[in-house]
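Let me begin by presenting the structure, written as structure tokens, before commenting on it.
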Amino acid sequence: MRYLPTGEWMQKADEYTIKEIGIPSMVLMERAALGTVDVMEKERINLSRTLVVCGSGNNGGDGFAIARLLKEKGYEVTAAFIGREASMSPDCRHQLKIAEKCGVSIVTSINKQEYTSVVDAVFGVGLNRDITGAYQETIEKMNSLPGQKIAVDIPSGICSATGKVLGVSFSADLTVTFGCEKLGCILYPGHMYAGKRITIDIGISRKPFRKEPSVCYTFDKQDLPELIPARKPNSHKGTYGKVLMITGSKGMSGAAYLSAKAAYITGAGLIQIYTAEENRVILQQLLPEAIICTYTEYDEETLHKLLEWADVVCIGCGLGRSNIAESLVVEVLRTVKFPCVIDADGLNILSTHLELLGGRERPFILTPHMKEMSELLDCTIPELVEKRFEKAREFTDRYGVVCTMKDARTLVAKWDRQIFVNTAGNSSMAKAGSGDVLAGVIAGLLSQGLMPYEAAVCGVYLHACGGDEAREVKGSYSTLAEDLITGVGTCLKKTEENMVR
């Protein structure tokens, strides 16, 4: 598990490390500079003629220390100070003096010399305003220079909390970041300006991040063995749960098939699909492992019997917005007591019946994409994109549900937990049916005993890893939703092989 702090939280961690642990700020700065130079050399950056552009804050201090270390290694280096001398931080001023005494060439403007590399140490993680005037011109000039581009901690001009470009941004080929990768380098468009990202440990404590609701986190593949539920030697299909899939209106058998198969591939023991009568034959052929029960009209008695049978319900995939669909969704949400995944048309219907969510701890997992979430919140998509974290927290706090907000960086939020930000997956997953697969994966994990928040987080990450596996086989253009299911199976197999027995 990796934390993804904002600049504000990273500064709090710096302060805690300096004041509570007692590591001097200059020691952290020296470690940052040493680590950056080491990474640049290992990445085979051409450092023979390097320009380091420094601001007046501690990010600039890192830059002066980097310039000095490069000079000591025999590289030709120029440090350009483009900040205001009156506003220099004490550490930055000290590093400037050391660099001067060590023979580093210090200039106050960027010339048109041909550099092999340009290092950005202008603004650090604390930037929270648009870059204008002379600073804007400087960053534009840095981007126009030849040579490889390296950002120190975060590209100047990227908001560390939102990934937004603050007027203009340095465009890096490589970002060397300290302690933790910053949230702004994960979110778009910041991610596109950061280039390759390498995190180095310089001794900053992560203790301030623990259980702090406003600090996000993510997973890496080595975390999967701890996330997926274990299989028991002495078990049967009932051990791994019964999933009721209320999915698929007339002509939408594909959504029912994809979600049900995904739940089976993820490990569910038994699945029953409650669907429109027109889908019976095709689903029996496509997925003979599933029980098929159908309707031609709304039948509350049959619905209640199915709910009595199930341990988990997934509702909405391809369900449509007919009167029957609305009756099914309303009655399920009104009566169900066990975990329920609500997707697609289930969410569209729910947006006009939000009172059904009532109660702090209803075990509901909502899986909206950005348009569906904007309808649930009654806000515009741009407003949601701008304030996604605040909106997700407000919604889950109000209704007590787990919300999986799907986007290029999917979030999983619950009112009393930190927000998970998914960093796996790829553009090949932007295909019809991908959301149906995710709903099925989460339902399959719920059926094996995971709690709603854990099932949603694991499901999102596993689904994305399945997408990475699928792209390896099919490429970015030709991956289909069913390939994601195969990818999930491959990912689970690899994870199982790596689990400690």
Does G184 meet the test of being open to solvent by less than 40 Å² (accessible area, probe 1.4 Å), at pLDDT 95 or above, of a type in the set (G, A, S) and assigned by the TED database to the domain that holds D120?
yes
State the number of residues belonging to segment 76-99 that are under 22 Å from L47 (Cα atoms) and open to solvent by less than 60 Å² (accessible area, probe 1.4 Å).
10
Elements of type strands (runs of 3 or more DSSP E) in segment 240-341, at least 3 residues being of a type in the set (V, I, T), surrounded by 21 or more Cβ atoms within 10 Å (Cβ to Cβ) and out of contact with any His (no Cβ under 9 Å at 6 or more places or on another chain)
270-276, 312-315
Being assigned to a helix (DSSP H, G or I) and open to solvent by 70 Å² or more (accessible area, probe 1.4 Å) is the filter here; which residues of segment 459-481 pass it?
R471, E472, V473, K474, Y477, S478
Restricting the search to segment 100-122, which residues are open to solvent by 50 Å² or more (accessible area, probe 1.4 Å), hydroxyl-bearing (S, T, Y) and closer than 17 Å to L69 by Cα?
S105
Hey, any hits in segment 132-149 for a residue that's crowded, with 24+ Cβ neighbours inside 10 Å and more than 16 Å from G55 (Cα to Cα)?
no
Being without any contact (Cβ under 8 Å) to a residue 60 or more places away in the chain, exposed (fewer than 15 other Cβ atoms within 10 Å of the Cβ), at negative phi and not in a strand (DSSP E or B): is that true of N46 here?
no
Can you pull out the helices (runs of 4 or more DSSP H) entirely within segment 82-201 that have at least 1 residues that are farther than 14 Å from G63 by Cβ and touching a residue at least 12 places away in the same chain (Cβ under 8 Å)?
133-144, 190-194
Listed by first then second residue, the pairs whose first member lies in segment 297-324 and is on the phi < 0 side of the Ramachandran plot, whose partner is open to solvent by 50 Å² or more (accessible area, probe 1.4 Å) and not in a helix (DSSP H, G or I), with beta carbons under 7 Å and at least 6 positions apart or on separate chains, are W309/K242; A310/K242; D311/K242; I324/E297; I324/Y298
Filtering segment 459-501 down to residues that are within 16 Å of L227 (Cβ to Cβ) and of a type in the set (A, V, I, L, M, F, W, C) yields V460, L462, A464, C465, V488, C491, L492, M499, V500
Note on segment 344-363: residues closer than 20 Å to W415 by Cα and open to solvent by 20 Å² or more (accessible area, probe 1.4 Å) are S351, L354, E355, L356, G358, G359, R360, E361, R362, P363
Counted residues, segment 364-379 - those being open to solvent by 30 Å² or more (accessible area, probe 1.4 Å) and touching a helix residue (DSSP H, G or I) at 6+ places or on another chain (Cβ under 9 Å):
4
Kindly indicate whether any position in segment 423-435 is assigned by the TED database to the domain that holds A268, farther than 23 Å from G254 by Cα and touching a residue at least 12 places away in the same chain (Cβ under 8 Å).
yes
Note on segment 194-213: residues at pLDDT 95 or above and open to solvent by less than 70 Å² (accessible area, probe 1.4 Å) are A194, G195, I198, T199, I200, I202, G203, I204, S205, P208, F209
Failed condition for T218, given (1) touching a residue at least 60 places away in the same chain (Cβ under 8 Å); (2) hydroxyl-bearing (S, T, Y); (3) open to solvent by less than 10 Å² (accessible area, probe 1.4 Å); (4) within 20 Å of P155 (Cα to Cα)
(4)
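The values are calculated or read from the model by the stated rules, or taken from the named source; none is laboratory data. None of these values were measured; they are calculated from a predicted model. Positions of Cβ are generated from backbone atoms using ideal geometry, with glycine treated the same way; all protein chains shown enter the neighbour counts. Just so you know, the surface numbers come from the protein's heavy atoms only, side chains and all, with ligands and any DNA or RNA stripped out. Shrake-Rupley method; radii C 1.70, N 1.55, O 1.52, S 1.80 Å.
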